[in-house]
1. Output the residues belonging to region 244-278 that are within 18 Å of Ala202 (Cα to Cα) and open to solvent by 10 Å² or more (accessible area, probe 1.4 Å).
2. Tally the residues that are part of a loop (DSSP other than H, G, I, E, B), more than 27 Å from Leu157 (Cβ to Cβ) and either open to solvent by less than 20 Å² (accessible area, probe 1.4 Å) or among the small types (Gly, Ala, Ser) (or both), restricting the search to region 285-309.
3. Working only within region 302-330, note down all residues that are of a type in the set (S, T, N, Q) and either more than 28 Å from Arg221 (Cα to Cα) or touching a Gly at 6+ places or on another chain (Cβ under 7 Å) (or both).
4. So which residues in region 34-73 are over 25 Å from Pro166 (Cβ atoms) and of a type in the set (S, T, N, Q), if there are any at all?
5. Before we move on, is Asp275 under 23 Å from the mean Cα position of the chain (by Cα), of a type in the set (D, E, K, R) and part of a helix (DSSP H, G or I)?
6. Could you list all residues from region 158-207 that are touching a residue at least 40 places away in the same chain (Cβ under 8 Å) and acidic (Asp, Glu)?
7. How do the strands (runs of 3 or more DSSP E) wholly within region 97-164 filter down when requiring 3 or more residues that are open to solvent by 70 Å² or more (accessible area, probe 1.4 Å): which remain?
8. Which of the residues belonging to region 51-71 are in a helix (DSSP H, G or I) and within 16 Å of the chain's Cα centre (by Cα)?
Amino acid sequence: MALFSRSIATAATRPTRAAVASRSTPINPNSVGPFQVFDRNAKRAQRDRAALRDGGHRSRTVDYLRNEVAENMIERLLDVKRRFSEIVDVGSGPGHFAKLLDQNVTDKVTMLDMSEKLLHRDPDSDFEVDVQRMHADEESLLNSLKPSSVPAITSCLSLHWTNDLPGVLIQIREALLPDGLFLGAMLGGDTLFELRTSLQLAEVEREGGLGIRVSPMTDTRDVTNLLGRAGFTLLTVDIDEVRFAYPSIFELMEDLQSMGESNAVVERRPLIKRDILTAASAIYQSMHGLEEGGIPATFQVIYMIGWKPDPRQPKPLERGTGKTNLQDVL
């Protein structure tokens, strides 16, 4: 999926630059299977380039989306009221979530990410707990983690780039200890709907057809079923929307690129023509523009909690064993 976001307050402090989608690296035939949607090698290269730009400074200025989602995740983790000896943060990036952990929650966090440059962007001094970094692909999680070895696994806005989400969820469950916790957040299908519709209408108008400009994402209605099929129990799934404002479509797309969130669909077109971008900008402003100026960009975030089954976990009583009549309560 393509992410392009910049809050109005943040945008006001930065120079405006028109951004055209960057040319992606050639597809490695060994990385693309018959059922793969995303080019993982291209995504790794995008994230590496984003981390290195301006010595990491540009990448840090666009941390606002993941920082906000990480803060919402830590609130959910604190509601669990359990201390974990270790937490593995899958698709950690530079540690947006890990930086919020302290000794009251865990002794150690292991950050795992496929982008080595992004993984090592920030120093250990930014963290309050012991940090270990593991350069690995979350699609092959069990190559890096032993089965039944981790008390808690988290993931902050990385799972939307996995080709086999059910398979990754199964690997997460396998890596957890019995009664282990999985806490995740991923972008849902309505993310960047304003950008998606504007680009589609502009492309139909200019070229008479559609290209894949914004990556597909999981429908929110599927997440509970996916967690259940992966073998998790005691499920909790909720949805939130985060909205930022930008001066124009160009700042939005520049921020997405700096986040390492440019399009990585296998069948993507390498460039967006300038006339299509110009038309999309006008459509975006016309359809979704803010009264005070600028445009909004909506990110739909799916938060999920699941537990690896364990005999000690609470279970619902059998039907008919209740001792209180509901009529008496009402």
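1. Selection gives Ser248, Phe250, Asn263, Arg268, Arg269, Pro270, Leu271, Ile272, Lys273, Arg274, Asp275, Thr278.
2. Within region 285-309, the first condition is being part of a loop (DSSP other than H, G, I, E, B), and the residues that meet it are 289-294, 308-309.
Still in the list and also more than 27 Å from Leu157 (Cβ to Cβ): 291-293.
Now restrict to residues that are either open to solvent by less than 20 Å² (accessible area, probe 1.4 Å) or among the small types (Gly, Ala, Ser) (or both): 293.
Within region 285-309, residues that are part of a loop (DSSP other than H, G, I, E, B), more than 27 Å from Leu157 (Cβ to Cβ) and either open to solvent by less than 20 Å² (accessible area, probe 1.4 Å) or among the small types (Gly, Ala, Ser) (or both) number 1.
3. Initially, region 302-330 is screened for residues of a type in the set (S, T, N, Q), giving 313, 321, 324-325, 327.
Thr321, Thr324, Asn325, Gln327, listed by residue number.
4. Of region 34-73, the ones over 25 Å from Pro166 (Cβ atoms) are 45, 48-65, 67-68, 71.
The answer is Ser59, Thr61, Asn67.
5. On the way: under 23 Å from the mean Cα position of the chain (by Cα): no; of a type in the set (D, E, K, R): yes; part of a helix (DSSP H, G or I): yes.
No, not satisfied.
6. Scanning region 158-207 gives Asp164, Asp179, Asp190, Glu194, Glu203, Glu205, Glu207.
7. Working: elements: 106-113, 130-135, 150-156.
Result: 130-135.
8. Within region 51-71, the first condition is being in a helix (DSSP H, G or I), and the residues that meet it are 51-61, 64-71.
Once the filter is applied, which keeps residues that are in a helix (DSSP H, G or I) and within 16 Å of the chain's Cα centre (by Cα), region 51-71 yields Ser59, Tyr64, Leu65, Arg66, Asn67, Glu68, Val69, Ala70, Glu71.
The values are calculated or read from the model by the stated rules, or taken from the named source; none is laboratory data. Note that the coordinates shown come from a computational prediction; the quantities given were computed from them, not determined experimentally. FYI the Cβ positions are ideal-geometry reconstructions off the backbone, even for glycines, and counts take in every protein chain you see. Side chains are part of the model used for accessible areas, which takes the heavy atoms of the whole protein and leaves out ligands, DNA and RNA. Shrake-Rupley method; radii C 1.70, N 1.55, O 1.52, S 1.80 Å.
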